[in-house]
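To keep things clear, I will list the structure first and then write my remarks on it.
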Amino acid sequence: MGILGVAMTKTILFISPTGTMDNGAEISIFNLMKFLVSKGFQVLNVFPDYRVPVQKNYLEQMKKAGIQAIGIPAVKWWWEEAPGGLPGTHYQRVKSYEDNIKRIREILNQNKVDLVISNTANVFQGAWAAAEENIRHFWLIHEFPEGEFGYYREKLNFINEFSDEIFAVTGALTKNLQSLLHDRTIYSFAPFSEIRIDKFSSNEDTSKGIICIGRLTERKNQLELIKAYRKINSETFKLIFIGDWDIEYKEKCDQYISKYNLQNIEFRGHSSTPWAEVGQNKIAVFPSKMETFGLVYIESILNGIPTILSNNLGHLSSYHWMGEVGHLYDLGDLDNLSNMIQHILNNFENEHRDSLAKVSLLKDRYTLENTYDQVLEMINSKSIVKDKNLVEYSNMIKGKDTFKLFFRDFVKSLLTLKKI
């Protein structure tokens, strides 16, 4: 009957990280929710309602897909230690967390929810509410526990305790979390995005060149590509960047370009159809320092573009998952990157023909059924809800000295008023 051949009346509640469509985790889980709706599941989605205009489009897409989206006001939606600062006082944040959990529990009861899925390591309200109501809870983790998300390494005991199953992005992240939580199996998924195969426009630029698609940021590391482009020392090939940018990083790139008087470099900004815009005679290069998976790499190879990518852990995960299509270079090695670019451009016709020949097989591989196969299988499993230790972890939610911290904040506010 297949992995979704039974239990088609289940109700699943997703806990989303942002309530916007500007990140891979939200886009990927939206596609999974749509798929589940198409298979007969009732799907609800809880998200932080910050009353911002961009969430109007988010709600419209949910409604169109048959997903019941429920916004909940929050002082802070993520863990206190997570990126995003500390809005309000500690007491206000704790009170908001408690209100959010209470509201989620009401939703669970009103809709007779069978399963809760938290779609980021950064949120915990759904896990706690599911434990209170004795409902199965899955955790889908997209983030490495390092750098800006390193804080959640200290939350792993909680994540372990409050998950009936844990899933992580396939490859390096799964291995990383498995080494940290060795007493259980960490299952895998590959983030899924509906890749559009763009038709090249009639007025496309037919000259050979290099493209790099994605927001210009320190993490995306586009300056490394600019430095490698300088080593090629050729005015024959254009270097085109498509995507918005962080202002400070863009200035850093501009300064380097100006210092060495580099020509034929374009920053085109955002485009809703980037692959159609750049034309078919380009190669794509993605020099990111860190990715969790690398969706733009998958977009590139599914559009038949000869592709070079850095060997960061996330890129390696997507590269191996997609059957090792494309070319890897050693991150930070400018000679390696510049030589690879020059070689592929010099042999472009063969590279392009080989890339196009693989598209059909890649499209068959990159389907939602394949990327989320373990999640889909576990959704229909009949595993027993494990007991969670609510008492032991209550301080993690409420703060160890909530009253003391509230009193301290209250006194500070009084002092501030006195000064005024």
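The values are calculated or read from the model by the stated rules, or taken from the named source; none is laboratory data. Only a predicted model underlies this, so the values are computations on that prediction, with no experimental measurement involved. Heads up, the Cβs are rebuilt from the backbone with ideal geometry, glycines too, and the neighbour counts pull from every protein chain shown. These area figures cover heavy atoms from the full protein model, side chains too; ligands, DNA and RNA do not enter into them. Shrake-Rupley method; radii C 1.70, N 1.55, O 1.52, S 1.80 Å.
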Per residue, how much accessible area does the stretch 192-319 have with a 1.4 Å probe, in Å²? 43
Dipole of the chain [Lys/Arg +1, Asp/Glu -1 at C-beta], most positive-end residue of Phe144, Ile104, Asn160: Ile104
Give the distance, in whole Å, between the Cα centre of the stretch 90-119 and the Cα centre of the stretch 312-341. 42
How much of the DSSP beta bridge set in the chain is antiparallel, as a percent to the nearest 5? 0
Calculate one ³J(HN,Hα) per residue across the stretch 156-169 by plugging θ = phi - 60° into the Karplus curve 6.51 cos²θ - 1.76 cosθ + 1.60, and present them in order as whole Hz with x for glycine and proline. 5, 4, 5, 4, 5, 5, 9, 10, 6, 9, 10, 10, 10, 3
Under-5 Å amide H pairs with Leu115, H placed in peptide plane, nonlocal only: Thr11, Leu13
So the angle from the long Cα axis of helix 222-232 to the longest Cα principal axis of the chain, reported in degrees to the nearest 10, equals 10
Relative to the longest principal Cα axis of the chain, at what angle does helix 247-259 sit, 0 to 90 degrees, rounded to 10? 20
Which angle between 0 and 90 degrees, to the nearest 10, do you get for helix 24-38 versus the longest principal axis of the chain when only C-alpha atoms count? 70
Only one of the listed values, (1) 2.55; (2) 0.98; (3) 1.08, was derived from the coordinates as Cα Rg over 2.2 N^0.38 Å; which label is it? (3)
Size of charge dipole - the chain - debye, nearest 20, with Cβ of Lys, Arg +1 and Asp, Glu -1, no other charges: 1120
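Normalised by the residues of the chain, what does the relative contact order come to in percent, with Cα pairs under 8 Å and at least six apart? Don't skip to the answer; put the middle values down first.
Working: 711 pairs, mean separation 66.0, N = 420.
16 percent.
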Give me the extension gain from Asp183 to Gln263: residue separation times 0.36 nm, minus the current Cα-Cα distance, reported in nm with one decimal. 23.3 nm
Any idea what the relative contact order of the stretch 1-121 is, in percent, if you count C-alpha pairs under 8 Å spaced at least 6 apart? 35
Let's test the formula: R0 of 41 Å, r as the Cβ-Cβ distance of Lys252 and Asn370. What FRET efficiency results, to the nearest 0.05? 0.55
Using a probe of 1.4 angstrom, how much of the accessible area of the chain is carbon and sulfur, in percent? 50
Rounded Å value of the spacing that divides the Cα centres of the stretch 242-306 and the stretch 131-149: 32
Sorted by mean Cβ packing within 10 Å, highest first, what order do the peptides 46-58, 262-274 take? 46-58, 262-274
Could you give the length gained on full extension between Ser394 and Arg196, defined as 0.36 nm per residue of separation minus the Cα-Cα distance, in nm? 66.8 nm
Packing rank of 377-386, 91-100, 112-121, where each peptide gets the mean count of other beta carbons within 10 Å, highest leading: 112-121, 91-100, 377-386
What distance in nm separates the two pseudo spin-label positions at Glu132 and Met290, each 7 Å out from Cα along the beta-carbon direction? 3.3
